[in-house]
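Please treat every number below as a calculation from the coordinates, not as lab data. The shown structure was predicted, so the numbers you read here are calculated from the model rather than taken from an experiment. All Cβ positions, glycine included, derive from the backbone under ideal geometry; neighbour counts span all protein chains shown.
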Amino acid sequence: MKGRTFGSRPIRSCVAGLLFASCVSWLVPSRVLAATPQNVDWPNYGNDLHNTRFQNVDQIDRKNVKHLQPAWVFHTGVLDPLAELQVAPIMVNGKLFVTDGHDHVFALDPATGKLIWAYRPIENDDMPKIEDMIVCCGRNNKGVAVADGKVIYGRLDNVVVALDANSGRPVWKTRLANTRTGFAINNAPQVANGIAVISLSGGEFEVRGQVYGLAVADGHVVWNFQTTDPASYGAATGSTQFQRGGAAVWNPVAIDQELGLVYMPTGNAAPDILGEDRPGDNLFATSILALNLTTGTHAWHFQEVHHDIWDYDSAQPAVLFPVTKDGKTVQALGHCSKNGQYYILDRTSGAPIFPVVEVHVPQDPAFQHAALTQPFSVAVEPLTPLTFVRPNDTGFPPRIQYTPPGEEEFVMVPGDDGGCEWGPAAFSPRTNFVYYGTRYEPTTFKTRSGNRETIPTATGDLHLGSRFTNKVPGSHPFGIFGATDVRTGKIAWTFPRMGPNFKLLHGENDILPAKSGLAVAGDLVFFGEGNGKFHAADAANGDILFTFDPRKSKIPNVGGAAASPTVYVANGREFVVYAFGGNVPDRNNFTIVDPDSGKVGDAIIAFALPENKIDK
């Protein structure tokens, strides 16, 4: 296959490594049933460093989940239409840590939501005014990492801060880039072996992607990896576009501590839609990239889109899980791209476990330097609609996927915001299903040779190299959540229920849109819609067992559901907490079909069973 290399690393199976607790947990997933512990933490962005977002608790189950109700509500105080809440709360040692779109950090009592301390850097003159910072696609912060008594997070001004977990006072600060350079940090770090891995975003401003490993002890830079490779951006032909080539890492990494590898999906090449000045595959853009945790050196990569000229960045965090196929168990990595494909790879090498085939794609116009082929995951059923499934009432001619943008404006699916966006997936060892959301959101594309114009926005001028829009009247967008069996590659269920060619079954309605992350707790999976509805479904079959509808609630300032659920136990009570703050692109794109999509909010809500519904 083109554009991919494999590192040489030993494969460690669970059979050979039963001494490792992680292997044992996969082999014998115990249930917390009769006696719920007093406290169960959610210590990392994805609960574990594999990003499975699975919590092994069952106080809330299929029978009683219908009784869920808000137990407490915390308001961040930020109601900025250019901000959003994408945080995945962290629960450690009796404190729940959350962030908001203005880089505030709050420590809350996880049982009551009462504020313990707050760190507000802008108010303390420790950070420029929010209006003075260049940020793409919404002011947001995905959360913190907690290690060695420190709460570590990155800010939009490119400063990483470690706070004392007990007091909220700064312990150390490390600046990774200056402000107004196009860089920003809105990612959450992940910590392992004394190293906090964090990245800079900002590919839409033609910056060069950067990933850092910082020492938890004092914040010094242990290693730095630049994600654009000169040779693959056409350096031999004189192109210097790799210096401005994008490939930012937008989301938290996954970590395999036994292999000593860090896994990160990378963003699109820059400029987004114009490939004229960057001939070649544009490694390591729109890829899964594996780095050595200790040194930050390249181990392997798998490119999901060669020479990306559609803004198909690999945004969703990777998930690590075992796959038993043909009688053999392989330590796998799963990932859904904005191109709509779901890839399942051997995480020791990057080799596909389910076949990936390079398929020839359109080539014209020639100035785009389009790749000859693109990698299709032919044995894993796509949850994303890859063709037009609704009438094309846009007025633009439809084109097949991977048609290079040119001077004629056309409409295509998946669009630049279609397929799998940033929302993290979840995996359950009980079902062997991976759960995620995706989108049908046609986009129009148009560009021309030499198009270096920028697109002004409220937070900076985007360098896209094109005209493209996903707010397309007559495009009939919708969202889908679902589950895929990682043993077979087959879709197990979808929500809403859909028949062949993604036709809604009788009585089902569209969901609009689907940017929420997911979490699995016991036999239930939790996720939200862009209009603020929050659901609990049977993890085995997708039956909706509980729905919170903010339009029927008296809670003020409940926005769209575009964050990630966290599940924990505090004082013997299981909580599901979610941040309802909406999403900036959805406010722009989906309000044409749903006025509540992406609605601004500042409410963090913890759901729990009433005391009289908890089995003692």
ask   = What does the charge add up to near VAL151, with Lys and Arg as +1, Asp and Glu as -1, over the other residues with Cβ less than 12 Å from its Cβ?
value = +1
remark   = Scoring the chain by relative contact order with C-alpha pairs under 8 Å, at least six apart, yields a percentage of 15 percent
request  = Divide by every residue of the chain the summed helix terms, -39500 (n - 2.57) for each DSSP H run of at least 4, and state the resulting mean residue ellipticity at 222 nm, rounded to the nearest 500 deg cm²/dmol.
outcome  = -500 deg cm²/dmol
key: R0 of 45 Å, Cβ-Cβ distance ARG448-LEU79: FRET efficiency to nearest 0.05   = 0.65
request  = Count the net charge of all other residues whose Cβ sits under 14 Å from the Cβ of TRP493, scoring Lys and Arg as +1 and Asp and Glu as -1.
outcome  = -4
ask   = Debye sum, Cα scatterers, the range 175-281, no solvent: what log₁₀ I/I(0) at q = 0.19 1/Å?
value = -0.93
message = Using all alpha carbons of the range 77-224, what is the percent of pairwise distances in each 5 Å bin, ordered from the shortest bin to the longest?
response = 2, 10, 21, 24, 21, 14, 6, 2, 0
request  = Please work out the Cα center distance from the range 40-56 to the range 285-334, rounded to the nearest Å.
outcome  = 19 Å
query = At a Förster distance of 30 Å, what's the computed FRET efficiency of GLU258 paired with HIS67, Cβ-Cβ distance as r, to 0.05?
reply = 0.15
message = Straight-line reach only, C-alpha to C-alpha below 18 angstrom: list the aspartates and glutamates that LYS613 could link to, leaving out same-chain residues fewer than 8 apart.
response = ASP58, ASP61, ASP523, GLU574
request  = Using a 10 Å cut-off on Cβ atoms, rank the peptides 560-566, 222-228 from the highest mean neighbour count down.
outcome  = 560-566, 222-228
ask   = Farthest toward the dipole's positive end in the range 21-613, which of TYR568, PRO352, ALA519, given Cβ charges of +1 (Lys, Arg) and -1 (Asp, Glu) about the Cα centre?
value = TYR568
task = Name the lysines eligible as straight-distance cross-link partners of LYS471: C-alpha to C-alpha under 24 Å, and not fewer than 8 places from it in the same chain.
result = LYS338, LYS446, LYS503, LYS515, LYS533, LYS599
note = Around THR286 (Cβ within 10 Å, Cβ-to-Cβ, excluding THR286; K/R +1, D/E -1) the net charge comes to -4
Which labelled figure in (1) 137; (2) 182; (3) 224 is volume of the Cα convex hull per residue in Å³, once derived from the coordinates = (1)
query = Pulled fully out, how much extra length does the chain show between ASN166 and ALA118, if you take 0.36 nm times their separation in residues and subtract their Cα-Cα distance?
reply = 16.2 nm
Cα-centre dipole for the range 443-589 with unit charges at Cβ (Lys and Arg positive, Asp and Glu negative), debye to 20 = 500 debye
ask   = Going highest first, how would you order 291-302, 409-420, 392-403 by mean Cβ packing within 10 Å?
value = 409-420, 291-302, 392-403
query = In what sequence, highest mean first, do 255-263, 595-603 appear when ranked by Cβ atoms within 10 angstrom?
reply = 595-603, 255-263
query = Dipole magnitude of the chain about its Cα centre, charges +1 at Lys/Arg Cβ and -1 at Asp/Glu Cβ only, in debye to the nearest 20?
reply = 1040 debye
message = Give the lysines reachable from LYS173 as a straight Cα distance under 20 Å; neighbours fewer than 8 places away on the same chain don't count.
response = LYS129, LYS142, LYS150
